[in-house]
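In what follows, a single structure is set out as structure tokens and then discussed.
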Amino acid sequence: MAETTTTSEAAIFSRVLEADNIMLSPEAARSLLALDFSTADRQRMNRLAAKARKGSLSADEDRELDNYINVGHLLTILQSKARKCLKRRPTS
């Protein structure tokens with residue numbers, strides 16, 4: 001039986017960042033924690049999500065929503081790593 005491995009970009013990126021030897025400076029970690037979607041992007045995501053719930057997304061909109069979701073996953077992974085680095089290295 002073949003081993004099942006998640007191969008999405010976010011899953012692969014998550015495994016890359018799992019390494020314990022990756023340390024961010026406190027400044028870099030705080031900068032990553034400050035990253036967020038713009039108001040315009042949040043509004044666009046909300047519009048796309050509403051259309052998705054109604055089942056009325058075009059193929060292009062579906063890809064666009066997937067892109068937002070993937071970037072959101074990557075941002076979550078980066079910020080999780082940043083929080084872990086700050087926890088290991090208390091701020092001065």
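The values are calculated or read from the model by the stated rules, or taken from the named source; none is laboratory data. Note that the structure is predicted; figures quoted are calculated from it, not measured. In this analysis, Cβ positions are derived from the backbone assuming ideal geometry, glycine residues included, and neighbour counts consider all displayed protein chains.
For the reader, a short list of remarks on this structure follows.
- Taken over region 11-46, residues that are more than 18 Å from the chain's Cα centre (by Cα) and surrounded by 12 or more Cβ atoms within 10 Å (Cβ to Cβ) amount to 2.
- Residue within region 27-35 that is of a type in the set (S, T, N, Q) and modelled with pLDDT of 95 or more present: yes
- Within region 38-70, the residues that satisfy the criterion of being touching a residue at least 24 places away in the same chain (Cβ under 8 Å) and under 22 Å from Ile12 (Cα atoms) are Tyr68, Asn70.
- Options Ala49, Ala10, Ala34, Ala40; residue that is out of contact with any strand residue (DSSP E or B) (no Cβ under 9 Å at 6 or more places or on another chain) and under 12 Å from Gln79 (Cα atoms): Ala34
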